[in-house]
1. Collect the residues in the range 94-118 that are surrounded by 17 or more Cβ atoms within 10 Å (Cβ to Cβ), part of a loop (DSSP other than H, G, I, E, B) and within 16 Å of ligand 2 (Cβ to nearest atom), keeping them in residue-number order.
2. When the range 71-93 is examined, which residues are found to be part of a loop (DSSP other than H, G, I, E, B), under 16 Å from HIS32 (Cα atoms) and more than 9 Å from ligand 1 (Cβ to nearest atom)?
3. Can you confirm whether ARG59 is more than 28 Å from GLY112 (Cα to Cα), at pLDDT 95 or above, among the charged types (D, E, K, R) and over 12 Å from the mean Cα position of the chain (by Cα)?
4. So which of ILE34, ILE12, ILE45 is in a loop (DSSP other than H, G, I, E, B) and either within 13 Å of the chain's Cα centre (by Cα) or modelled with pLDDT under 95 (or both)?
Amino acid sequence: MNHDPNCIFCKIVEGKIPSRKVYEDDEIFAFHDINPWAPVHFLVIPKEHITSIAHLEDRHAALMGRIMLLIPKLAAQEGCNPYPEGGFRIVSNTGAEGGQEVQHLHIHVMGGARPWKRG
Ligand code: AMP
Ligand code: ZN
């Protein structure tokens, strides 16, 4: 599995940097964002160091499918209200013009009662 020793999210996966864990399995890790925009705001990442959505390869299709199926379950678990009155937002900033700050693929999941701090 690809790993970048200088990557902050790889360090979170390894437990070298503490995080508030939401979910973990052999391929996927999820944790609360340190600077939440919304009442619920967590990040879902592959444990493999994939730089961004723009770096996905065909071999990642099942992994990304699993992440997408997991998101609504974790959103409900973390307190997002049900669709359609509730719901959530998913965002994956990609590259400089996409506003990506951490170069390890991550999907923001945001939800909860409005107003939000941002967005
Ligand atoms: P971006 O790359 O622009 O999608 O943003 C990276 C996100 O990671 C931001 O929302 C940060 O608040 C979040 N973040 C950065 N460092 C940590 C950390 N140590 N624990 C949890 N979230 C973090
Ligand atoms: Zn990484």
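The values are calculated or read from the model by the stated rules, or taken from the named source; none is laboratory data. Just so it is clear, the model here is predicted, and its values are computed rather than measured. All Cβ positions, glycine included, derive from the backbone under ideal geometry; neighbour counts span all protein chains shown.
1. GLN100, GLN103, HIS104, LEU105, HIS106
2. Correct list: GLU78, GLY79, CYS80.
3. The answer is yes for ARG59.
4. From the options ILE34, ILE12, ILE45, the qualifying one is ILE34.
Yes/no matrix, rows are residues, columns are (1) farther than 12 Å from HIS106 by Cα; (2) surrounded by 13 or more Cβ atoms within 10 Å (Cβ to Cβ); (3) of a type outside the set (Asp, Glu):
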{"residue": "LYS11", "(1), (2), (3)": "yes, yes, yes"}
{"residue": "GLY15", "(1), (2), (3)": "yes, no, yes"}
{"residue": "ASP25", "(1), (2), (3)": "yes, no, no"}
{"residue": "LEU43", "(1), (2), (3)": "no, yes, yes"}
{"residue": "ILE53", "(1), (2), (3)": "no, yes, yes"}
{"residue": "HIS60", "(1), (2), (3)": "yes, yes, yes"}
{"residue": "LEU63", "(1), (2), (3)": "yes, yes, yes"}
{"residue": "GLU85", "(1), (2), (3)": "yes, no, no"}
